[in-house]
Amino acid sequence: MAAIATPNYARMQSRILIVSPDPGFRRQLLSNPLYAEAHGDEAVGGAHALSKLAEGLYESVLLDRNLPDLDAGEVAAMIHSRFPQVDVEIVESTGAGASVVPMEEKKVPEERRVVQLRVQSREKSAAAGAGLSPMAADTLPGMIGASRGVQQVYRLARMVAPRDTTVLVTGETGTGKELVAQAIHELSHRSKQPFVVVNCAAIPESLLESELFGHARGAFTGAVQSRLGRIHVAHGGTLFLDEIGELPLSMQAKLLRFLQDGEVQRLGSSDVYKVDVRVVCATNAKLLELVNEKRFRMDLFYRLAVFPIRILPLRERTADIPALAEHFLKKLSEEAEVPPKYFSDAALNYLQQHSWPGNVRELQHAMERAFILAGSEAQLGAEHFQASQEDALREI
């Protein structure tokens, strides 16, 4: 068996995730005596690894340098940011049956080197304890917030925007998934081209194929003229598929084929068109659960989840609430053409203590109701929000 350099993070009884598209390479690592007592899991690519890390607890990740979907360095950075407790080592095979060489020990240019992630994790934890915000990122167009959770969204979106990589944005309803998709489009080289939105949950299944792929004249009753589908309309730009978890199984195979071939065939026509479209999807559903329930195709999931971005619910980033509330209040004052209103301390305390199950959208609506209830008063108090939130909803 090939010799394997001993990684500095090895734990004899740890949970290790081996990430490589090569099953022989994965088996070689798992069969090494160093990991004889370890519980080893496998992933075939970067997106698969991130999904597994979100599902279970791992102490270590061995990351093949040659991934099929994402750059290994980017995956390592994402793991470091999202799972700082996990040690990451990038490894590579130098040929069939050759030794596995940890990247820190290999002579590579400095910018390609993955350095001391465990030390960085400790530094990040120390910064968090001090109330600091490491690696602050520029905001995204249309988004507000400075919490660590939202800064991670900013970083990932700016990292992937210049590429044509397929992006999957996940998060609860009202967290701002479409804003992230729009920002990725605006920061890309496609920004001057169309940004086409399709809500997969809002279009009847019988019409969805025609909406996405278009139809020829006479393709079905009522098709009095030919029509281009949304995919074709998005040519050169970005197609945003919202609520992708609601896509019927009958359409999932057709969407998968388009993603693989980049070709569109209109309903009722034999003509095939090559289309250049960047795809961004969003969902509030747990797609892996839908995969396990046979309600979503596994191959489509991995095709869509090449670069996942998760938006935290507002209750997990309460530090962003004052800035969001101030933004909405300023906008409401300007629209009403009145002097700027302000919050009482009690109002701000209420806003930060509320759980906001509807997330940013609920906060925006609560701000509008409280603004109206405040009338000519310059100050918004907790009573305006309590009345707008609780009394009104109790009557529904």
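The values are calculated or read from the model by the stated rules, or taken from the named source; none is laboratory data. The structure displayed is predicted, hence computed values, not measured ones. Here Cβ is always computed from backbone atoms with ideal geometry, including for glycine, and neighbour counts include all displayed protein chains.
Do you know which of the residues in the range 274-294 that are among the polar types (S, T, N, Q) and touching a residue at least 40 places away in the same chain (Cβ under 8 Å) is nearest to Val197 (Cα to Cα)? Before the answer, list the steps.
Pass one, the range 274-294, residues among the polar types (S, T, N, Q): 283-284, 292.
The next check asks that each one be touching a residue at least 40 places away in the same chain (Cβ under 8 Å); those that pass are 283-284.
Details: Thr283: 13, Asn284: 16 Å.
For the range 274-294, the residue satisfying everything is Thr283.
Residue check: is Ser333 of a type in the set (Gly, Ala, Ser), assigned to a helix (DSSP H, G or I) and more than 26 Å from the chain's Cα centre (by Cα)?
Values: of a type in the set (Gly, Ala, Ser): yes; assigned to a helix (DSSP H, G or I): yes; more than 26 Å from the chain's Cα centre (by Cα): yes.
Taking the combined requirement at face value, the residue satisfies it.
A quick yes/no check of all residues on (1) over 14 Å from Ala305 (Cβ atoms); (2) buried (at least 20 other Cβ atoms within 10 Å of the Cβ); (3) modelled with pLDDT of 85 or more; (4) not assigned by TED's automatic domain parsing to the domain that holds Val153:
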position: Ala36; (1), (2), (3), (4): yes, no, no, yes
position: Gly46; (1), (2), (3), (4): no, yes, no, yes
position: Arg65; (1), (2), (3), (4): yes, no, yes, yes
position: Glu89; (1), (2), (3), (4): yes, yes, yes, yes
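Residue-by-condition table, conditions (1) of a type in the set (Ser, Thr, Tyr); (2) farther than 30 Å from Pro322 by Cβ; (3) touching a Lys or Arg at 6+ places or on another chain (Cβ under 6 Å):
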| site | (1), (2), (3) |
| --- | --- |
| Lys177 | no, no, no |
| Phe195 | no, yes, no |
| Asn199 | no, yes, no |
| Ser206 | yes, yes, no |
| Ala216 | no, yes, yes |
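Say whether the condition of being over 22 Å from the mean Cα position of the chain (by Cα), in the same structural domain as Ile184 (by TED's automatic domain parsing), under 23 Å from Ser188 (Cα atoms) and buried (at least 17 other Cβ atoms within 10 Å of the Cβ) is met by at least one residue in the range 234-251.
Step one: of the range 234-251, the residues over 22 Å from the mean Cα position of the chain (by Cα) are 235-236, 249-251.
Remaining after also requiring in the same structural domain as Ile184 (by TED's automatic domain parsing): 235-236, 249-251.
Next, from what is left, pick out any that are under 23 Å from Ser188 (Cα atoms): 235-236.
Going one step further and asking which of them are buried (at least 17 other Cβ atoms within 10 Å of the Cβ), we end up with 235.
Yes, the conditions are met somewhere in the range 234-251.
Might you let me know whether the range 295-303 holds any residue that is without any contact (Cβ under 8 Å) to a residue 40 or more places away in the chain, more than 23 Å from Met159 (Cβ to Cβ) and not aromatic (Phe, Trp, Tyr)?
Taking every residue of the range 295-303 in turn, at least one turns out to be without any contact (Cβ under 8 Å) to a residue 40 or more places away in the chain, more than 23 Å from Met159 (Cβ to Cβ) and not aromatic (Phe, Trp, Tyr).
Kindly indicate which of Val198, Val169 is β-branched (Val, Ile, Thr) and closer than 20 Å to Leu267 by Cα.
Result of the check over Val198, Val169: Val198.
Only one of these conditions is not met by Val279: (1) outside any strand (DSSP E or B); (2) at pLDDT 90 or above; (3) surrounded by 15 or more Cβ atoms within 10 Å (Cβ to Cβ). Which number is it?
Here Val279 clears every test but (1).
Go through Phe258, Phe296 for me and flag whichever is assigned to a helix (DSSP H, G or I), of a type outside the set (A, V, I, L, M) and not assigned by TED's automatic domain parsing to the domain that holds Ala49.
Phe258
Mind checking which residues of the range 195-237 are in contact with a strand residue (DSSP E or B) (Cβ under 7 Å, 6 or more places away or on another chain), modelled with pLDDT of 85 or more and farther than 24 Å from Asp261 by Cβ?
Result: Asn199, single match.
Taking Ile321 and the conditions (1) free of Cβ contacts under 8 Å to residues at least 60 places away in the same chain; (2) closer than 21 Å to Val153 by Cβ; (3) surrounded by fewer than 21 Cβ atoms within 10 Å (Cβ to Cβ), which numbered condition does it fall short on, given that it satisfies the others?
The one condition Ile321 does not meet is (3).
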